[in-house]
Amino acid sequence: MDRMRIVGGTPLRGRIAIGGAKNAALPLMAACLLSEETLVLENVPRLADISTMKRLLAQHGVEVDARDEQGASGEQTLHLNAAKIGSTTAPYDLVRKMRASVLVLGPLVARFGEARVSLPGGCAIGDRPVDLHLAGLAALGAEIELTEGYIGARAPNGLKGARFVFPKVSVGATENLLMAAALAEGETVLVNVAREPEIGDLARCLIAMGAEIEGIGTERLVIRGKPALHGGRHRVLPDRIEMGTYAMAAAITGGDVELVGGDIDLLPAVFPVLAEAGIAAENTAGGVRVYRPNGHITGVDVMTEPFPGFPTDLQAQMMVLMSVAEGAAMITETIFENRFMHVPELRRMGANINVHGASAMVRGVRALKGAPVMATDLRASVSLVLAGLAAQGETIVNRIYHLDRGYERLEEKLSACGAVIERMPDAA
Ligand code: EPZ
């Protein structure tokens, strides 16, 4: 397994291109199942999770064609055609690799009246149930049964529009239900939906395919189902979590970086918190400039919440920033039940962090010390890279296959801004 070697202490200076959002591209790819015509997706990031979704769609019978239509910019454009679907089963060996595979469930049962999708199972950060996905599909008339670790969903006479109130906010369940409702007969009203920008991106793509959706950006979506959707072309929005991650990398190294293609409005709760901590961010013609105007970082309390609150996917990165701040910061994780696995690794680098249930008290130290550390999940692994960039000495991050799931060309982007970072093929 590859490892990453980092020697800390260099302030990042320069420009980092922000790619298309992984967590938008995955549901957008699943949306191709709703039509027999081609869906063209631009600005699709080159990530392990995207490759897994390509394999999953291909085994259903989708024709997946990746072209570099954008030429010099090197952006990936996908042409997806689901005219000939041979199987409505999503097998365990693919679903267990990536939980977002469950996003084929809604489109399959909506268009074909049946689907058999492996239960995703938990992951490092939590149990990750899919009960809200299933309750919503049942509300649209699907018969659901769980057998041998698989979800069986049937709607032989098609789905019927209904009103469904989410008992708790769920990004994936909102996406599954939004896609299913696009082909359900009649009107569907979804209440207490997730409002992440990726949901709006999916809704806009579905509208480009002929869907009728109102309420984008609010907690209530009204969808008037259509008998069929046509093809379309859609550009994936910028990855706000990648942008926030590199903003914190610039902050923790005392650097000055322009995040090209980024948009401050995609992280309404994050940049004000960074400003409170002493980090400046401003829109530029090409993106967002992030720098540390007066040299020090101040401890600021953070609590993760559904959008527009502070995103859980930036909690680990913020914790690293706070670990070298002046003062203390209380970081509370309200979305997932086990998302502090980066804490023991950061402690090994000298961080002063005490976890009490869903909260971690971080007391800033003057400097972290490089050490060999272990990545456990996507965002925890990138937080260890950030720690290495700031630490004195050398840090080796093991199991960086987690990183490759969500960060395209990370070492290339960071070393272009002066970081001393290299990927080391595993010695073994
Ligand atoms: C999406 O996961 C993202 N993944 C996650 O990003 C992100 O952390 C999460 O949303 C929250 O923003 C993708 O978009 C592919 P949820 P998702 O359903 O949809 C519980 C990353 O690092 N829940 O909003 O799975 C669930 O256990 C990943 O890129 C139920 O109880 O998240 C969690 O506690 C990690 N029942 C909470 O709701 C359900 O049926 C929020 O989960 C569904 C979810």
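The values are calculated or read from the model by the stated rules, or taken from the named source; none is laboratory data. For clarity, every value in this text was computed on a predicted model and none was experimentally measured. When we count neighbours, we look across all protein chains shown, and the Cβ atoms used for this are built from the backbone with ideal geometry, even at glycine. Heads up: the accessible areas ignore ligands, DNA and RNA and are worked out on the full protein's heavy atoms, side chains in. Shrake-Rupley method; radii C 1.70, N 1.55, O 1.52, S 1.80 Å.
All C-alpha to C-alpha distances of segment 128-199, sorted into 10 Å bins beginning at zero, yield P(r) values of 21, 53, 24, 2 percent in whole numbers.
Distance between the C-alpha centres of segment 15-63 and segment 290-310: 31 Å, rounded to the whole angstrom. Averaged per residue, segment 304-421 has 35 square angstrom of accessible surface, using a 1.4 angstrom probe with ligands and nucleic acids left out.
Among the trypsin sites (Lys or Arg not before Pro) within segment 101-196, those in coil by DSSP and having at most 11 neighbouring Cβ atoms inside 10 Å are K168.
Computed as a quarter of the hull surface, the mean projected area of the alpha carbon convex hull for the chain stands at 19.3 nm².
When you filter the GluC sites (Glu not before Pro) in segment 36-106 for DSSP loop state and at most 14 other Cβ atoms inside 10 Å of their Cβ, you are left with E69. Would you work out if segment 279-364 is rounded, prolate or oblate? Take a ≥ b ≥ c from the square roots of the eigenvalues of the alpha-carbon gyration tensor; rounded if a/c is under 1.5, else prolate when a/b is larger than b/c, oblate otherwise. In terms of gyration-tensor shape, oblate. Comparing R128, R204, R13 in a Gaussian network model of the chain, where Cα atoms under 10 Å apart are tied by springs, the biggest mean-square fluctuation is seen for R128. For the chain, adding -39500 (n - 2.57) for each run of n ≥ 4 DSSP H residues and dividing by the number of residues yields -8000 deg cm²/dmol at 222 nm.
Summary value for segment 104-245: 21 percent relative contact order, contacts being C-alpha pairs under 8 angstrom separated by 6+ residues.
Once the Cα atoms are used to define both axes, helix 171-181 deviates from the longest principal axis of the chain by about 20 degrees. Each DSSP beta bridge with both residues in the chain is either parallel or antiparallel, and the antiparallel ones are about 70%. Which angle between 0 and 90 degrees, to the nearest 10, do you get for helix 48-60 versus the longest principal axis of the chain when only C-alpha atoms count? Between helix and principal axis, roughly 10 degrees.
Here the accessible area is traced with a 1.4 Å probe on the protein chains. For the chain, carbon and sulfur cover 50 percent of it. Taking a sphere under 9 Å around the Cβ of R379 and counting the other residues whose Cβ falls inside, with K and R at +1 and D and E at -1, yields a net charge of -1.
Annotation note: GluC sites (Glu not before Pro) in segment 145-207 located in DSSP loop regions with a Cβ neighbour count of at most 12 within 10 Å are E148. Close amide-amide hydrogen proximity is noted between E394 and G370, each under 5 Å apart and 5 or more residues distant or on a separate chain (H modeled in the peptide plane; Pro and chain starts excluded). Centroid-to-centroid, using Cα positions, segment 379-410 and segment 220-259 are 21 Å apart. Pairs from the list K22/K97; K22/K413; K54/K160 with a Cα-Cα gap above 23 Å: K54/K160.
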